[in-house]
Every structure is written in C-alpha cells, then in structure tokens.
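To start, the structure itself, in structure tokens.
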Amino acid sequence: QVQLVESGGGLVQPGGSLRLSCAASGSTFSISAMGWYRQAPGKQRELVATITSGGGTNYADSVKGRFTISRDNAKNTVYLQMNSLKPEDTSVYYCNAFIVPTLYWGQGTQVTVSS
C-alpha cells in the first residue's frame with residue numbers, strides 16, 4: 001500500500017509558474033514509476049508526465065518544453081515544475097504511483113491559470 005499527498009496547486013496568471021509536489025508514504029520501496037495526470041471539467045483524465053525509478057521521463061506533447069518532472073528518492077517525493085502556464089493547463093492534477101500490478105492515486109490538487 002502507498003499513500004500519496006499532492007500539494008502546490010493554486011491560482012496563477014498566464015505565463016507564470018507553479019511547482020507541484022507529491023509525497024509518498026507506505027511501501028515506497030516497491031514503486032516502479034510515478035506520474036502526473038490532469039483532468040479538466042467535462043474531460044477525460046490525461047497523462048501529463050511520468051518518471052521511472054531509473055529516472056526515465058515521458059511527457060505529453062502539450063507540455064513538452066514547459067513542464068519538468070523529477071523525483072527525490074530519499075524523500076519519496078515527485079515534483080512537477082510547470083512554467084509558461086496557459087489557461088488550458090487549468091485542471092485538477094493527480095499524482096500516481098505504480099506498484100505492480102496496482103496504480104495508486106492521490107486526491108488531486110487544483111491548478112487554475114487565469115488573469
């Protein structure tokens with residue numbers, strides 16, 4: 001079992017930056033990959049970025065060059081640095097952790113990009 005707690009969301013103007021954090025607790029030694037997804041009202045949850053235990057990363061095309069995912073294994077925390085934010089980035093952002101064969105989810109944190 002793994003528990004995930006996200007933080008760092010909020011209201012930011014277009015062009016601004018935010019950093020999301022996701023702290024994992026429990027059986028963290030078993031985590032093989034972690035990631036960020038987002039879901040806007042009326043839309044399906046979509047991939048933002050993932051990172052493996054070895055540091056390999058993958059990004060959605062819509063955030064490439066603007067967002068950076070990283071992890072601190074000593075702190076069992078994954079981060080999402082979001083720069084050059086756009087109104088279309090407004091969503092609830094969810095952290096997940098994959099421990100074969102189960103995907104665990106956090107409760108989500110709201111990010112609103114608006115002037």
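Here are a few things to note about the model shown:
- Residue check, R38 more than 13 Å from N76 (Cα to Cα), part of a strand (DSSP E or B), open to solvent by 50 Å² or more (accessible area, probe 1.4 Å) and not hydroxyl-bearing (S, T, Y): no
- When the test is whether a residue is touching a Pro at 6+ places or on another chain (Cβ under 8 Å) and either assigned to a strand (DSSP E or B) or surrounded by 14 or more Cβ atoms within 10 Å (Cβ to Cβ) (or both), L85 passes it.
- Condition check for S70: open to solvent by 30 Å² or more (accessible area, probe 1.4 Å), in a loop (DSSP other than H, G, I, E, B) and of a type in the set (S, T, N, Q): no
- The residue of the stretch 73-82 that is modelled with the highest pLDDT, among those that are assigned to a loop (DSSP other than H, G, I, E, B) and surrounded by fewer than 19 Cβ atoms within 10 Å (Cβ to Cβ), is K75.
- Restricting the first member to the stretch 45-71 and to residues that are without any contact (Cβ under 8 Å) to a residue 40 or more places away in the chain, and the second to residues that are hydroxyl-bearing (S, T, Y) and part of a loop (DSSP other than H, G, I, E, B), the beta-carbon pairs closer than 7 Å and six or more apart or on different chains are T52/S32; S53/S32; R66/S84.
- Selection count where residues are open to solvent by less than 60 Å² (accessible area, probe 1.4 Å) and either touching an Asp or Glu at 6+ places or on another chain (Cβ under 8 Å) or in a strand (DSSP E or B) (or both), scope the stretch 8-21: 5
- A49 closer than 11 Å to A97 by Cα, under 14 Å from the mean Cα position of the chain (by Cα) and either open to solvent by less than 30 Å² (accessible area, probe 1.4 Å) or not polar (S, T, N, Q) (or both): no
- Filtering the stretch 88-102 to residues that are part of a strand (DSSP E or B) and among the β-branched types (V, I, T) leaves V92, I99, T102.
- Residue in the stretch 97-112 that is of a type in the set (F, W, Y), open to solvent by less than 60 Å² (accessible area, probe 1.4 Å) and modelled with pLDDT of 95 or more present: no
The values are calculated or read from the model by the stated rules, or taken from the named source; none is laboratory data. Computed from a prediction, not measured in an experiment: that's the story for all the values here. For neighbour counting, all protein chains shown are included, and Cβ atoms are generated from backbone atoms with ideal geometry for every residue, glycine included. We work out accessible area using only protein heavy atoms, side chains counted, and drop any ligands, DNA or RNA first. Shrake-Rupley method; radii C 1.70, N 1.55, O 1.52, S 1.80 Å.
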